[in-house]
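Undergrad: Quick one: structure below, then a few questions.
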């Protein structure tokens, strides 16, 4: 069974601060996806990283896939209250039937 | 483009009762997934359909859970009889199934409370 460990589990910061969320596994994944989930809604895809060492930027969010494709990080610069939510990483694997294994998530609160 | 539709949004039942959830995926999406998300955890895959066939149901508790996608479009997930530990949000997702670049689109989910 492939497991993804996310840390920290909870994070409460002031508006304008920077933060990093981590996603680690002992397994290799074909891809790593990051989702954000708001209360009462389903997860929404933020980014997919496929190549080891890959870095992608989405406005103030920077995503990195580890060289060995076992871990990933999400860095948010100058956090805004609108960044508040549950951040989930999901590892993708499978040749025929592609499936995602989700971590437990990091619950981020950005205080104005 | 319409998103993934799920109903009902909320359901409260007593243990040992039955319940059914409905999902209508995005038009043209061949793959449909049902996930269970317990409070404080990430979604856990219950079953994956490709068109109207089951691809993976290894984590579906088959003694009480069943799911079908008869015409390869919408799907229903049923629990009979429900247990207290089934309290969770049940998410439906659909995708075009493109391997590593696949994007799963999620519905808002059905929040089930078993009393």
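The values are calculated or read from the model by the stated rules, or taken from the named source; none is laboratory data. Because the structure is a prediction, the values reported are computed rather than measured. Because the Cβ atoms are built from the backbone with ideal geometry, glycine has one as well, and the counts that use them run over all protein chains shown.
Undergrad: So which of A:74, A:88, A:32 ends up being more than 14 Å from chain B (Cβ to nearest Cβ), in a strand (DSSP E or B) and either touching a helix residue (DSSP H, G or I) at 6+ places or on another chain (Cβ under 8 Å) or in contact (Cβ under 8 Å) with a residue 40 or more places away in the chain (or both)? Lay out the reasoning, then the answer.
TA: On the way: A:88 fails: more than 14 Å from chain B (Cβ to nearest Cβ); A:32 fails: more than 14 Å from chain B (Cβ to nearest Cβ).
Exactly one of A:74, A:88, A:32 is more than 14 Å from chain B (Cβ to nearest Cβ), in a strand (DSSP E or B) and either touching a helix residue (DSSP H, G or I) at 6+ places or on another chain (Cβ under 8 Å) or in contact (Cβ under 8 Å) with a residue 40 or more places away in the chain (or both), namely A:74.
Undergrad: Could you list, in sequence order, the residues of segment B:80-115 that are out of contact with any strand residue (DSSP E or B) (no Cβ under 6 Å at 6 or more places or on another chain) and assigned to a helix (DSSP H, G or I)?
TA: Within segment B:80-115, B:85, B:99, B:101 qualify.
Undergrad: Restricting to segment B:8-29, and then to whatever is surrounded by fewer than 13 Cβ atoms within 10 Å (Cβ to Cβ) and under 18 Å from residue B:75 (Cα atoms), can you tell me which residue is farthest from the other protein chains (Cβ to nearest Cβ)?
TA: By that ranking, first place goes to B:18.
Undergrad: Sort through A:66, A:40 and tell me the only one that's at pLDDT below 95 and under 24 Å from residue B:89 (Cβ atoms). Explain how you work it out, then say what you get.
TA: Values: A:66 fails: under 24 Å from residue B:89 (Cβ atoms).
None of the other options fit; the residue is A:40.
Undergrad: Those residues that are surrounded by 13 or more Cβ atoms within 10 Å (Cβ to Cβ) and more than 10 Å from chain B (Cβ to nearest Cβ), I need them from segment A:18-29; list them, please.
TA: Pass one, segment A:18-29, residues surrounded by 13 or more Cβ atoms within 10 Å (Cβ to Cβ): A:19-25, A:27-29.
Of everything in segment A:18-29, those that are surrounded by 13 or more Cβ atoms within 10 Å (Cβ to Cβ) and more than 10 Å from chain B (Cβ to nearest Cβ) turn out to be A:19, A:20, A:21, A:22, A:23, A:24, A:25, A:27, A:28.
Undergrad: Let me ask something additional. Within segment A:91-112, track down each residue that is touching a helix residue (DSSP H, G or I) at 6+ places or on another chain (Cβ under 6 Å) and assigned to a loop (DSSP other than H, G, I, E, B).
TA: A:98, A:112
Undergrad: Is there a residue being assigned to a loop (DSSP other than H, G, I, E, B), without any contact (Cβ under 8 Å) to a residue 60 or more places away in the chain and within 27 Å of residue A:106 (Cβ to Cβ) anywhere in segment B:7-27?
TA: Initially, segment B:7-27 is screened for residues assigned to a loop (DSSP other than H, G, I, E, B), giving B:8-9, B:14-18, B:25-27.
Next, from what is left, pick out any that are without any contact (Cβ under 8 Å) to a residue 60 or more places away in the chain: B:27.
Imposing the further condition that a residue be within 27 Å of residue A:106 (Cβ to Cβ) reduces the set to none.
No - not one qualifying residue is present in segment B:7-27.
Undergrad: Checking the conditions here, which among B:62, B:78, B:71, B:83 is under 10 Å from the mean Cα position of the chain (by Cα) and surrounded by fewer than 18 Cβ atoms within 10 Å (Cβ to Cβ)?
TA: Testing whether each residue is under 10 Å from the mean Cα position of the chain (by Cα) and surrounded by fewer than 18 Cβ atoms within 10 Å (Cβ to Cβ) leaves just B:78.
Undergrad: I need the full set of residues from segment B:30-56 which are surrounded by fewer than 17 Cβ atoms within 10 Å (Cβ to Cβ) and either outside any strand (DSSP E or B) or in contact with a helix residue (DSSP H, G or I) (Cβ under 8 Å, 6 or more places away or on another chain) (or both), in order please.
TA: Passing the criteria: B:30, B:38, B:39, B:40, B:41, B:51, B:52.
Undergrad: Right, another one. Mind telling me which of the residues A:39, A:81, A:112 ends up being exposed (fewer than 13 other Cβ atoms within 10 Å of the Cβ) and within 14 Å of chain B (Cβ to nearest Cβ)?
TA: Values: A:81 fails: within 14 Å of chain B (Cβ to nearest Cβ); A:112 fails: within 14 Å of chain B (Cβ to nearest Cβ).
From the options A:39, A:81, A:112, the qualifying one is A:39.
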